[in-house]
1. Stretched out fully, how many nm does the piece from Glu48 to Arg23 gain, at 0.36 nm a residue minus the Cα gap?
2. So, by mean Cβ neighbours within 10 angstrom, what's the order for 62-71, 13-22 with the highest one leading?
3. Highest first, please rank the peptides 26-35, 46-55 by the mean number of other Cβ atoms sitting within 10 Å of their residues.
Amino acid sequence: MPRRRKPNEDFHYVDVHVGKRLRRRREELAISRQRLGQAACVVHQQVEKYEGAINRVSPGCLYRFARLLNVPITYFFEGLAHAARLSRATWRRR
């Protein structure tokens, strides 16, 4: 059985960053999780899990979100280099 990912290992900071960007854009457009989930063919609980980085967003789903939220797919990765530096700095302090 595969080992479950711990929050600060591997590339979890990418999932956190993408989730934050998804939430930010959804809130900018004043769209509820339920409405976004219905439009993207996922339940609103799944949107909540993506935003909280509990579940990883698949490339296909990320593409649907980008189209629905009127942003290029790269929007979700803007500022990621900064997030990576912060993640590494936090990891080194441990």
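1. 8.1 nm
2. Order by mean packing, descending: 13-22, 62-71.
3. Highest-to-lowest ranking by the protection proxy: 46-55, 26-35.
Read the figures in this text as sums done on the coordinates, not as results from a lab. Remember, it's a predicted structure, so these values are computed and weren't measured experimentally. Glycine also receives a Cβ, built like all others from the backbone with ideal geometry; neighbour counts cover every protein chain displayed.
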